[in-house]
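The values are calculated or read from the model by the stated rules, or taken from the named source; none is laboratory data. The structure presented is a predicted model; accordingly, all values stated were derived computationally and were not measured. Every residue, glycine as well, gets a Cβ built from its backbone with ideal geometry; the counts of neighbours run over all protein chains shown.
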Amino acid sequence: MNLVKFTAQLTAMKIIRHFNLYFFLCVSCSIMTAQSKITITAPDSLPFIAVWKNVQLNQTPVYSVTFREDNAGKIPVTLSFPSHPQITVQQTILIKDKTAIGLEISVVKGQHKLVPTFENTYILETPATPEIQKNAALDSLPTTATADSVLSSPTNNADYEDLKQDLTHQTFESRKLQLMINFLHQHSINVDQLRYLMAQLSLEDRKLELLKTALPSILDKTKLSEVTDEFLLDKNKEKARELIGL
């Protein structure tokens, strides 16, 4: 009798253990895949500090910040503007699973608010890791960051593709340039990638600004002479040569 009782208890313990393992795996998979991407942009005159879920994303005011969010639902966000301390934006944003969302600071009925600009399906190619989450706030590095603040690791292809996608949603070239500059403050890229970004800009002064920002993070500097082909005006070709030391 005792043997039968012991066997039943052992069987029950195995069932519970297997159920707990199954539950853990289901929750883990849900956490890894249920991730969204949020981009907040501001007009050129309103650099901001963003607080997301009571966590400050950037220490220095920026015009654009992109980060990932693991949880869906209503999430509080607060934006402050050091150059205009009288303005504050406090909103609750509805975040959906596996969605790329663009938010822009606009004036609605006399009040500054975050207004959705785009919403697309977003699937993270690789599972979220603590390192990715750690780097989420790096998207908010200021445009005045020095060469010492540039990350030395090569560009993650997924991040670069994300940038290319984000650029397609931008109407104003100044916003495109801002996104590129923010990206370059966090990633190293090669000359071919730089040339693609430069080709998205029509004004050659902005191409020069992008080139100047990108120089510390170029991986294949021996190919830098190729970027002069992105300029039509001889004077700008010469400025590019001066920047890259030719």
*Take Ser106 and decide whether it is in a helix (DSSP H, G or I), at pLDDT 80 or above, of a type in the set (S, T, N, Q) and surrounded by 13 or more Cβ atoms within 10 Å (Cβ to Cβ).*
no
*helices (runs of 4 or more DSSP H) fully within segment 160-225 counting 3 or more residues that are within 12 Å of the chain's Cα centre (by Cα) and either closer than 29 Å to Pro116 by Cα or of a type in the set (A, V, I, L, M) (or both)*: 173-184
_Criterion first (crowded, with 18+ Cβ neighbours inside 10 Å and of a type outside the set (Gly, Ala, Ser)) does Asp205 satisfy it?_
no
*Going by the conditions given, is Val115 modelled with pLDDT of 85 or more and either surrounded by 16 or more Cβ atoms within 10 Å (Cβ to Cβ) or not hydroxyl-bearing (Ser, Thr, Tyr) (or both)?*
yes
